[in-house]
Amino acid sequence: MKNHPKYERTLVIIKPDGVQRTLVGEIIRRYERTGLKLAAIKMCVPTAEMVERHYTLDPEWRLKTGLKSIKGYTDKNLTPPHTDPLKVTEIVLKNLTKYLTSGPVIAMVWQGAHAVELVRKITGGTEPRTSDVGTIRGDYVLDSYVMSDVDGRAVRNLVHASGSVKEAEDEIAHWFKKSEIMDYNIVSDKILYDVNLDGILE
Ligand code: GDP
Ligand code: MG
């Protein structure tokens, strides 16, 4: 039954600014209160290799991110730093590496029905300036591409969350050993995934 929706898993990383701003508890609370279950957690200072590998697990990521970034500039009538999307991504990746290796991060695996989609919804859109109110990125940080470009750094959006089930599988394997991920029951699973609701009344 491991293909039941309740076994879906996703990776979340609280980035160094989230740890520095003592938002770890608040961020965990937001995922936890939905009924998602924490399956793994650890603190580490990522190496540059860890970060670069993380973003390039998807061989298309460099091209997609470059194209998305160029579109972001042209939509605002701004000139992109390069016309070549791969060159644009080189800058993004260099800045991201500096950001993510600057201090400890919290890496977590969350499990439950639609874990990938739910965690993305709670996390909010990539650029905090436009992330919805009520999301982590919308509520707890005020950064923007304009400001991060002026300062020549990565946009600080507090958390990473996997973008698809496939991405989640690859990223979880990148950050965690199998033995670090827990298979266990919590009492709330009983009601969240109960089929007949026949275990409540005495
Ligand atoms: P996420 O899944 O919402 O984090 O976004 P992506 O997977 O598209 O991008 C990963 C990271 O690359 C983001 O968290 C940003 O730090 C950075 N990034 C993505 N798109 C852009 C962009 O258009 N401009 C800049 N400056 N950084 C970007
Ligand atoms: Mg992503």
- Restricting attention to the stretch 86-109, does a residue exist that is among the acidic types (Asp, Glu), over 18 Å from ARG29 (Cβ atoms) and more than 13 Å from the chain's Cα centre (by Cα)? yes
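With the structure loaded, tell me whether VAL159 is surrounded by 15 or more Cβ atoms within 10 Å (Cβ to Cβ), modelled with pLDDT of 95 or more, under 19 Å from LYS68 (Cβ atoms) and aliphatic (A, V, I, L, M) or whether it fails that test. Give the derivation first.
Details: surrounded by 15 or more Cβ atoms within 10 Å (Cβ to Cβ): yes; modelled with pLDDT of 95 or more: yes; under 19 Å from LYS68 (Cβ atoms): yes; aliphatic (A, V, I, L, M): yes.
So VAL159 fits the description; yes.
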- Task: Being surrounded by fewer than 17 Cβ atoms within 10 Å (Cβ to Cβ) and of a type in the set (D, E, K, R) is the filter; apply it to the stretch 20-51 and report the residue that is nearest to ligand 2 (Cβ to nearest atom).
- Result: GLU49
- Query: If MET147 passes every condition in (1) surrounded by 15 or more Cβ atoms within 10 Å (Cβ to Cβ); (2) over 20 Å from LEU57 (Cα atoms); (3) of a type in the set (A, V, I, L, M) but one, which one does it miss?
  - Reply: (1)
- Message: Tell me which helices (runs of 4 or more DSSP H) are completely within the stretch 88-191 and hold 2 or more residues being within 15 Å of ligand 1 (Cβ to nearest atom) and among the small types (Gly, Ala, Ser), or say none if there are none.
- Response: none
- Item | Members of the stretch 101-131 that are surrounded by fewer than 16 Cβ atoms within 10 Å (Cβ to Cβ) and under 29 Å from ASP189 (Cβ atoms) | GLU117, LYS121
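The values are calculated or read from the model by the stated rules, or taken from the named source; none is laboratory data. Please read all numbers here as calculations on a predicted model, not as lab measurements. Glycine also receives a Cβ, built like all others from the backbone with ideal geometry; neighbour counts cover every protein chain displayed.
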